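Q: Structure provided below as structure tokens; questions to follow.
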Amino acid sequence: MESKKHVVVYTDGACTGNPGPGGYGVVLIYGKHRRELNVGYRLTTNNRMELLAAIKGLEALKQSCKVTLYSDSQYVVEGIEKGWAKRWRKNGWMRNKRERAINPDLWDRLLDLCDTHEIEFRWVRGHSGDPENERCDQLAVQASHETELLTDDEYESPSVQS
């Protein structure tokens, strides 16, 4: 049986204002190969960009892989590692009896990717000198300042903003 490829993924999201223009940055490393991704959105939130960075990094993988994913977002790392997102999905995207979970569209996509890949999420302190995290931050900020920004349809639709 062939073992899975091990890919290291660094992710970051950025937002100018929250909500405001935002972007994500991703660095994928496999052996000597390196790929960078970044896209900007005209109106979104920092947490949505943090989630989307992880999603886009994992979606870029063409087969099921063993992944070490670094994020400076405790929201993303703890949402998966502590089982919060799975519980929210199981409870119809409710955090408790009264509060709806935020960003269910993105959490749902990320949870599906967690079923596809063998992922270890690791939190890294942002802006602390980790070269790959710093690069992701640069990519995310750069994307958020582009002149042609995409629309975060799920965020901008009234049903998501509550």
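Q: Can you find, within region 1-45, the residue that is surrounded by the most Cβ atoms within 10 Å (Cβ to Cβ) among those that are charged (D, E, K, R) and in contact (Cβ under 8 Å) with a residue 12 or more places away in the chain?
A: As a first pass, look at region 1-45 and keep what is charged (D, E, K, R): 2, 4-5, 12, 32, 34-36, 42.
Now drop any that are not in contact (Cβ under 8 Å) with a residue 12 or more places away in the chain, which leaves 4-5, 12, 35-36, 42.
On the way: 4: 13, 5: 14, 12: 31, 35: 13, 36: 13, 42: 16.
In this case the residue turns out to be 12.
Q: In addition: Based on what the data block shows, is residue 98 of a type in the set (Lys, Arg) and closer than 25 Å to residue 27 by Cα? First the steps, then the outcome.
A: Details: of a type in the set (Lys, Arg): yes; closer than 25 Å to residue 27 by Cα: no.
Against the criterion (of a type in the set (Lys, Arg) and closer than 25 Å to residue 27 by Cα), residue 98 does not qualify.
Q: Something else now. Scanning region 105-162 for residues that are part of a helix (DSSP H, G or I) and basic (Lys, Arg), which turns out nearest to the chain's Cα centre (by Cα)? It would help to see each step written out before you state the result.
A: First, pick out the residues of region 105-162 that are part of a helix (DSSP H, G or I): 105-116, 131-144, 153-156.
With basic (Lys, Arg) added as a condition, the list becomes 109, 135.
On the way: 109: 10, 135: 15 Å.
If we take residues in region 105-162 being part of a helix (DSSP H, G or I) and basic (Lys, Arg), then 109 is nearest to the chain's Cα centre (by Cα).
Q: Here's another thing I want to ask about it. Step by step: first the residues of region 144-162, then only those that are out of contact with any helix residue (DSSP H, G or I) (no Cβ under 7 Å at 6 or more places or on another chain), surrounded by 11 or more Cβ atoms within 10 Å (Cβ to Cβ) and modelled with pLDDT of 90 or more, then the one that is nearest to residue 13 (Cα to Cα). Which residue is that?
A: Checking each candidate, the answer is 144.
Q: Sticking with this one: Residues in region 78-98: is at least one within 13 Å of the chain's Cα centre (by Cα) and part of a loop (DSSP other than H, G, I, E, B)?
A: Among the residues of region 78-98, not one is within 13 Å of the chain's Cα centre (by Cα) and part of a loop (DSSP other than H, G, I, E, B), which makes the answer no.
Q: Which numbered condition trips up residue 116, out of (1) at pLDDT 95 or above; (2) within 19 Å of residue 16 (Cα to Cα); (3) of a type in the set (S, T, N, Q); (4) open to solvent by 60 Å² or more (accessible area, probe 1.4 Å)?
A: (2)
Q: How many of the residues making up region 78-112 are aliphatic (A, V, I, L, M) and open to solvent by 90 Å² or more (accessible area, probe 1.4 Å)?
A: From region 78-112, those aliphatic (A, V, I, L, M) are 80, 85, 94, 101-102, 106, 110-111; that's our starting set.
This time we only want the ones that are open to solvent by 90 Å² or more (accessible area, probe 1.4 Å), so: 102.
Residues meeting the conditions: 1.
The values are calculated or read from the model by the stated rules, or taken from the named source; none is laboratory data. Note that this is a predicted model, so its numbers are computed, not measured. Methodologically, a virtual Cβ is constructed for each residue, glycine included, from the backbone with ideal geometry; neighbour enumeration extends over all protein chains shown. In case anyone asks, the SASA skips ligands and DNA or RNA and just uses the protein heavy atoms, side chains included. Shrake-Rupley method; radii C 1.70, N 1.55, O 1.52, S 1.80 Å.
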